[in-house]
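Peer 1: Dumping the structure here so I can ask a few things about it.
The values are calculated or read from the model by the stated rules, or taken from the named source; none is laboratory data. This is a predicted model, so every value here is computed, not measured. Glycine gets a Cβ as well: all are built from the backbone with ideal geometry, and neighbour counts include every protein chain shown.
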């Protein structure tokens, strides 16, 4: 018997998105992650619950931050972690995602973490392999562990999620972070706003459980949390926004715009930041910013998700 | 194709539905030397011929063989997906006795040699009639016109750039003007390349949740409206090959009301399915045009009913694992459809949307007329091409049993009532007993 507190069993084989997760599912993951924050803050940062288990990080899109966060999470749980990067893999030789998945599956990993530029890639993989799959971002679809780490950051700072007003600002159209957050925050009872130019909003956004605003002045008013999204430079070439300076003037978070939110509003960003594009440096580094905490919570949340999925499988195996 | 059956045969006691003559009655189909002698209640008024082989069709329905105006085949260039022989086997199993093959092959059917290749291969290997459509522009590139006159003489029945939309209005105008001189019909599938760039499914809430940029309905509408203006300018015969939205149907209706020589087609998929069928990224439902909202599907059914839409096509498009077993956004468009065309269409009859006669008109009589081919009728002297159908036969599709080389059906495990029991081409049974 371990001395770990017992958490309710997480009733899903994979974590492919926030869609389909219930209030208690999310609570369980956040509670587990809270405990894992303590592990990460100890001098001895390692648990041994996953000794002998294999975790493969399969990243088809480069992402130093997310990949190292997952790697650290696996290692702190005692798992053997293998990183598969695209540059050195056979994907570039024309091997399909499914072929890659079958090959990796034959190596009998216990958990696969996948990031891919195509929406639905994680779901496709999950249908083809025997182990649990965690979606680390699939196209503009979902990035569930980011939404969970955002929620954990907010919950630890504000003590709750329900009733809070969260403004998600910027390139919602291309953002998997926004979609996962919209679903999670709605499930947990927060009020979600999105703010940005119409060219960066998905079709039918007003039916996605949010209030949509095209000006920061309206969108940030009395917000408890201001969540900024990254703006890719290529959006200018696509004629979605005219220029960086115009974008920053109207949608970049500076002191004047932040003053519209509640005085104790949190400032968040999933990273990597474009300082001077979507956020001013003084705000990113200012007293209301919890951007560094987000990174710390990322490791804890990923530990929690990995453990929850493998725990659920353990029960499944014992039952079988 | 087999040479015409030289004997005499009677298909008796069948319900005979022949929209070309407005017939829906119990009777006999009497054939000799590969042609219809008579079909209907009074077919044997002159007495039954001696020595005829007799088929009892009690409880069955006989309709003119279906004419599918839009079929993609992989031969030449993609024979692992579909050959002319395998497509014709699929056609036979679906009651399709004539099909028009799209020019999207490798090489493209933009030259008389390719038309001859298709016709020769069909003669040698196909069970059904295969009619080549030729490209409007060389290489389907949208710039230089093909030799429309020579291609017509060689046997091309329709001019289309297949999956491609001609972006250049001047090229389209000239092709229409030139085709009109030869009495040729221009068929066009319209999708604005810029407006649909990056889109992989219908634009709307569902696409937004899945994380896809969508293809707006206007991407189909804008080039279609342009084409209709050019059809008015040139007086050409113009066929909107595959429309999918209520707005498209509206502008077709208006063009017809203005007396233009315009017709329109819809794929059986857009009459049967909507965007929600994509579910969790199912690539067999990734089509072009994309499956739309249920409101658009209903509008397609309505437009078919009121005659705005003239023909139903399978838009048969074989794709293999190499093009479909991929993430949704990376996978190819298209689904096979020859073998399910009629059964899926019968759903519309069973639920009261369409009469059987209207369905067969849109799947056989009207396309034959638009193409100017001898088909789509059971009138005396016509080729003995017909399908024997059990309208109520219950069955479940198992994709593995398809005759097509590719199994990318949007109807796997679908339940149907009604199935083709026998298909006859030039008097020869080519499918069923």
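Peer 1: Please give the number of the condition residue B:372 fails out of (1) surrounded by fewer than 17 Cβ atoms within 10 Å (Cβ to Cβ); (2) within 14 Å of chain A (Cβ to nearest Cβ).
Peer 2: Looking at each condition in turn, residue B:372 falls short on (2).
Peer 1: Same structure again: Give all pairs with beta carbons closer than 7 Å in which a residue from segment B:344-372 that is without any contact (Cβ under 8 Å) to a residue 12 or more places away in the chain meets a residue that is buried (at least 18 other Cβ atoms within 10 Å of the Cβ) and assigned to a loop (DSSP other than H, G, I, E, B); count only pairs at least 6 apart in sequence or on separate chains.
Peer 2: Pairs that qualify, where the first residue is without any contact (Cβ under 8 Å) to a residue 12 or more places away in the chain and the partner is buried (at least 18 other Cβ atoms within 10 Å of the Cβ) and assigned to a loop (DSSP other than H, G, I, E, B), are B:369/B:376.
Peer 1: Which ones in segment A:6-20 are under 20 Å from residue B:211 (Cβ atoms) and touching a strand residue (DSSP E or B) at 6+ places or on another chain (Cβ under 8 Å)? Working first, answer last.
Peer 2: So in segment A:6-20, the residues under 20 Å from residue B:211 (Cβ atoms) come out as A:12, A:14-20.
Result: A:14, A:15, A:16, A:17, A:18, A:19.
Peer 1: What number of residues in segment A:187-208 are in contact (Cβ under 8 Å) with a residue 24 or more places away in the chain and within 13 Å of chain B (Cβ to nearest Cβ)?
Peer 2: From segment A:187-208, those in contact (Cβ under 8 Å) with a residue 24 or more places away in the chain are A:187-197, A:199-202, A:205, A:208; that's our starting set.
Add one more test, that the residue is within 13 Å of chain B (Cβ to nearest Cβ), and what stays is A:194, A:199-202, A:205, A:208.
Matching residues across segment A:187-208 total 7.
Conditions tested, residue by residue: (1) part of a helix (DSSP H, G or I); (2) surrounded by 24 or more Cβ atoms within 10 Å (Cβ to Cβ).
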{"position": "B:79", "(1), (2)": "no, no"}
{"position": "B:104", "(1), (2)": "no, no"}
{"position": "B:107", "(1), (2)": "no, no"}
{"position": "B:118", "(1), (2)": "yes, yes"}
{"position": "B:123", "(1), (2)": "yes, no"}
{"position": "B:133", "(1), (2)": "no, yes"}
{"position": "B:139", "(1), (2)": "yes, no"}
{"position": "B:152", "(1), (2)": "yes, no"}
{"position": "B:164", "(1), (2)": "no, no"}
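Peer 1: Here's a follow-up. Checking the structure you have, find out if any residue of segment A:183-192 is more than 21 Å from residue A:297 (Cβ to Cβ) and more than 14 Å from the chain's Cα centre (by Cα). Spell out the reasoning first.
Peer 2: We begin by selecting, within segment A:183-192, every residue more than 21 Å from residue A:297 (Cβ to Cβ); these are A:191.
Checking which are more than 14 Å from the chain's Cα centre (by Cα) leaves us with A:191.
Within segment A:183-192 (the criterion being more than 21 Å from residue A:297 (Cβ to Cβ) and more than 14 Å from the chain's Cα centre (by Cα)), the answer is yes, since at least one residue qualifies.
Peer 1: Related question: For residues in segment A:98-118 being touching a residue at least 24 places away in the same chain (Cβ under 8 Å) and at the interface with chain B (Cβ under 8 Å from one of its Cβ atoms), which is farthest from residue A:82 (Cα to Cα)? Full working, then the answer.
Peer 2: So the first thing to find is which residues in segment A:98-118 are touching a residue at least 24 places away in the same chain (Cβ under 8 Å), and the list is A:98, A:100-102, A:104-105, A:107-117.
Among the residues that remain, those that are also at the interface with chain B (Cβ under 8 Å from one of its Cβ atoms) are: A:98, A:116.
Numbers: A:98: 19, A:116: 17 Å.
Applying the filter and picking the extreme gives A:98.
Peer 1: Quick check on segment B:405-427. Is at least one of its residues at positive phi and either outside any loop (DSSP other than H, G, I, E, B) or buried (at least 23 other Cβ atoms within 10 Å of the Cβ) (or both)? Give the derivation first.
Peer 2: Taking segment B:405-427 as the starting set, the residues that turn out to be at positive phi are B:413, B:418, B:426-427.
In the following step, the residues that additionally are either outside any loop (DSSP other than H, G, I, E, B) or buried (at least 23 other Cβ atoms within 10 Å of the Cβ) (or both) were identified as B:418, B:427.
Taking every residue of segment B:405-427 in turn, at least one turns out to be at positive phi and either outside any loop (DSSP other than H, G, I, E, B) or buried (at least 23 other Cβ atoms within 10 Å of the Cβ) (or both).
Peer 1: Run down A:140, A:151, A:178 and say which single residue is within 19 Å of the chain's Cα centre (by Cα), more than 14 Å from every other protein chain (Cβ to nearest Cβ) and at pLDDT 95 or above. Give the steps one after another, and end with the answer.
Peer 2: Details: A:140 fails: more than 14 Å from every other protein chain (Cβ to nearest Cβ); A:178 fails: more than 14 Å from every other protein chain (Cβ to nearest Cβ).
Sole residue among the options that is within 19 Å of the chain's Cα centre (by Cα), more than 14 Å from every other protein chain (Cβ to nearest Cβ) and at pLDDT 95 or above: A:151.
Peer 1: Every residue in segment B:42-58 that is closer than 23 Å to residue B:361 by Cβ and surrounded by 13 or more Cβ atoms within 10 Å (Cβ to Cβ), please.
Peer 2: As a first pass, look at segment B:42-58 and keep what is closer than 23 Å to residue B:361 by Cβ: B:42-43, B:57.
Result: B:43, B:57.
Peer 1: Could I ask something else about it? Among the numbered conditions (1) surrounded by fewer than 16 Cβ atoms within 10 Å (Cβ to Cβ); (2) within 13 Å of another protein chain (Cβ to nearest Cβ); (3) touching a strand residue (DSSP E or B) at 6+ places or on another chain (Cβ under 8 Å), tell me where residue A:211 comes up short.
Peer 2: (2)
Peer 1: May I ask you to list the residues in segment B:325-369 that are within 14 Å of chain A (Cβ to nearest Cβ) and in a loop (DSSP other than H, G, I, E, B)? Full working, then the answer.
Peer 2: Keep residues of segment B:325-369 that are within 14 Å of chain A (Cβ to nearest Cβ), which gives B:325-332.
The answer is B:325, B:326, B:327, B:331, B:332.
Peer 1: Right, next: Look through A:164, A:125 and report the one residue that is modelled with pLDDT of 95 or more and either touching a helix residue (DSSP H, G or I) at 6+ places or on another chain (Cβ under 6 Å) or away from chain B (no Cβ under 13 Å) (or both). Give the steps one after another, and end with the answer.
Peer 2: Numbers: A:125 fails: modelled with pLDDT of 95 or more.
Criteria check complete, one pass: A:164.
Peer 1: Restricting to helices (runs of 4 or more DSSP H) lying wholly in segment A:219-295: which have 3 or more residues that are surrounded by fewer than 17 Cβ atoms within 10 Å (Cβ to Cβ)? Before you say what the answer is, go through the steps one by one.
Peer 2: Details: elements: A:234-237, A:244-251, A:255-258, A:281-284.
Filter on segment A:219-295 gives A:234-237, A:244-251.
Peer 1: Residues that are within 14 Å of another protein chain (Cβ to nearest Cβ), at least 3 per element: which helices (runs of 4 or more DSSP H) completely within segment B:211-314 meet that?
Peer 2: On the way: elements: B:217-234, B:246-257, B:268-272, B:294-305.
Of the helices (runs of 4 or more DSSP H) lying wholly inside segment B:211-314, those with at least 3 residues that are within 14 Å of another protein chain (Cβ to nearest Cβ) span B:217-234.
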